[in-house]
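Step one of this worksheet: look at the structure below.
The values are calculated or read from the model by the stated rules, or taken from the named source; none is laboratory data. These numbers were taken from a predicted model, which means no experiment stands behind them. Every residue, glycine as well, gets a Cβ built from its backbone with ideal geometry; the counts of neighbours run over all protein chains shown. Heavy atoms of the whole protein, side chains included, go into the accessibility calculation; ligands, DNA and RNA do not. Shrake-Rupley method; radii C 1.70, N 1.55, O 1.52, S 1.80 Å.
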Amino acid sequence: FDTARMYFDGECDKMLGKYISDRGIRADVTVCMKGCYPADGAKMHISRLSPAEIRFDLEESLRAFGTDYADLYLLHRDDPRIPVGEIMPTLDALVREGKARAVGVSNWTVGRIQMANEFAKENGLETLSVSQMHFSLALTTPPLTGDITHVPMNATEEMWYRETDFP
């Protein structure tokens with residue numbers, strides 16, 4: 001299941017968590033939670049990637065969902081102005097604390113993923129293990145969507161994913 005705090009104003013986490021809890025199937029499903037979406041859709045250039053925001057979003061999703069951990073926690077958007085050295089230690093801590101089993105990103109460029117994983121490896125931290133790209137048969141670009149944080153798949157990005165077999 002793929003859920004995010006910004007979906008249906010956070011109600012998605014509650015509804016999905018109740019569904020899974022009522023059926024007693026938490027151990028049988030994989031839950032991907034996403035956080036750190038910009039707070040104002042009209043101001044997508046204002047990121048939410050501070051250590052406190054990364055942690056707050058995951059902990060709020062866990063609370064609403066009624067679980068102790070996310071199988072996968074993704075950062076919903078990137079802000080290249082923030083060094084990966086300010087982001088990766090927080091993701092590492094969430095994995096070490098057992099709040100996320102693995103971490104990844106959504107709408108990050110290949111270059112940023114590489115920088116983040118190089119930093120993590122050099123510092124003995126958890127690396128990003130997956131990327132959720134906007135991959136569509138339709139041509140889309142940030143100007144077409146009106147979202148400057150949107151990173152759609154393109155030929156350069158796709159080539160890297162194929163060459164590295166990065167999920």
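Before moving on, here are some points about what is shown:
- Selection count, segment 83-111, where residues are without any contact (Cβ under 8 Å) to a residue 12 or more places away in the chain and open to solvent by 40 Å² or more (accessible area, probe 1.4 Å): 2
- The residues of segment 124-167 that are in contact (Cβ under 8 Å) with a residue 60 or more places away in the chain and aliphatic (A, V, I, L, M), listed by number, are 148, 151.
- Whichever residue in segment 140-151 is in contact with a helix residue (DSSP H, G or I) (Cβ under 8 Å, 6 or more places away or on another chain) and not polar (S, T, N, Q) and, among such residues, is modelled with the lowest pLDDT: 148
- For segment 80-98, the criterion of being among the basic types (Lys, Arg) and under 19 Å from residue 132 (Cα atoms) is met by no residue.
- Restricting attention to segment 56-76, the residues that are in contact with a helix residue (DSSP H, G or I) (Cβ under 8 Å, 6 or more places away or on another chain) and assigned to a helix (DSSP H, G or I) total 5.
- Summed over segment 49-72, the residues that are touching a residue at least 24 places away in the same chain (Cβ under 8 Å), open to solvent by 60 Å² or more (accessible area, probe 1.4 Å) and either within 18 Å of residue 24 (Cβ to Cβ) or not acidic (Asp, Glu) (or both) give a count of 4.
- In the condition set (1) open to solvent by less than 30 Å² (accessible area, probe 1.4 Å); (2) at pLDDT below 95, residue 80 is compliant with all but (1).
- Segment 61-92, residues that are under 20 Å from residue 115 (Cβ atoms) and among the hydroxyl-bearing types (Ser, Thr, Tyr): 73, 90
- Taken together, the residues in segment 112-154 that are of a type in the set (D, E, K, R) and open to solvent by 30 Å² or more (accessible area, probe 1.4 Å) amount to 4.
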